[in-house]
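Novice: Next up is a structure, given as structure tokens.
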Amino acid sequence: MLAIIKDPSFAARNIPFGLAEVRYPARETWDETSFRALAERELADCRARFPDYDRKAVFGQNPYFRFFKKFKKTYPVMLQAESVLFKGRPFPDVNPITEVPFLLELSTFVLSGTHDIDHMDGPLTLFTPDAKLPFPGLRGEEAHTYPNDVCGRDNRGIILSMIAGADARTCARPESRHVFYPVFGTPDTPPALLEEALARLTAFVRTLAPSAQIETAVL
């Protein structure tokens, strides 16, 4: 499995961090029809759970919502859920590998992502920055970390920030086949929540690619 190091700056905070490493087989072996059907069922179940959706009632005590609020940021999963579940935005149909964690976010409200391990250099080191550190953002913009953010780097630089997102170098591409999905925790997220999310994510991957190789861990 991908080597993961906890820098002392991160380890001292006792924040859980989940990760699923997946080796996907060739795309022609995937069962995209079953995955699309699964996504429709999951989204229908989510809508049924919140027939009278109220943002404050659903997200007011959400640990991710509160964590992002400390950085004066709006929790992006909340906005995505409102857009797809309640405002009619279609579920994406572009790259199933990145749609797996997106479906996880919509169905659980936990924060996830995707990184291409073949574009990494060395292990993933989790750390807590004490300043705004720049890195190339997912869409080509210059992004930066935040003090007390949850971040990760490899030997070449920062690859993920819980607040700012993924970097441009290791973000997933249509041709990506060896990826890891981070499942982020906050200071008040129980590890069991991440274990449940990883089990759900694993089921999504198995539906899409039954022969995929999967390893998970909660640190």
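Novice: Have a look at F67, A39, V84 and report the one farthest towards the positive end of the charge dipole of the range 1-122, computed about the Cα centre with Cβ charges (Lys/Arg +1, Asp/Glu -1).
Specialist: It is F67, whose Cα lies furthest towards the positive end.
Novice: Give me P(r) over the range 102-205, computed from all C-alpha to C-alpha distances, binned every 10 Å, as integer percentages.
Specialist: P(r) for the range 102-205, in whole percents per bin: 15, 45, 35, 5.
Novice: Peptides 116-123, 148-155: what's the order by average Cβ count within 10 Å, highest mean first? Mind showing how you got there, number by number?
Specialist: Values: 116-123: 15.5, 148-155: 21.1.
Result, highest mean Cβ count within 10 Å first: 148-155, 116-123.
Novice: Per residue of the chain, what 222 nm ellipticity follows from adding -39500 (n - 2.57) for every DSSP H run with n ≥ 4, rounded to the nearest 500? Please report the intermediate quantities before stating the final value.
Specialist: Details: 7 runs with 72 residues, N = 219.
Theoretical 222 nm ellipticity from helices: -9500 deg cm²/dmol.
Novice: Starting from the Cα of R139, step 7 Å along the direction of its Cβ; do the same at K6; then give the gap between the two resulting points in nm.
Specialist: 3.4
Novice: While we're looking at this one, here's another question. In nm, to one decimal, how far is the modelled label at A199 from the one at K73, with both set 7 Å along Cα→Cβ?
Specialist: The answer from the label model is 2.9 nm.
Novice: Could you tell me the accessible area of E141 in Å² (1.4 Å probe, neighbours in place), rounded to the nearest ten?
Specialist: 80
Novice: Could I ask something else about it? Using 0.36 nm times the number of residues separating A44 and A192, minus their current alpha carbon distance, what extension gain do you get?
Specialist: Once the chain is fully extended between A44 and A192, it gains 50.8 nm.
Novice: Roughly how many Å is it from the Cα centre of the range 179-219 to that of the range 1-31, as a whole number?
Specialist: About 8 Å separates the Cα centre of the range 179-219 from the one of the range 1-31.
The values are calculated or read from the model by the stated rules, or taken from the named source; none is laboratory data. None of these values were measured; they are calculated from a predicted model. Here Cβ is always computed from backbone atoms with ideal geometry, including for glycine, and neighbour counts include all displayed protein chains. Keep in mind that these areas ignore ligands, DNA and RNA; they rest on the heavy atoms of the full protein, side chains included. Shrake-Rupley method; radii C 1.70, N 1.55, O 1.52, S 1.80 Å.
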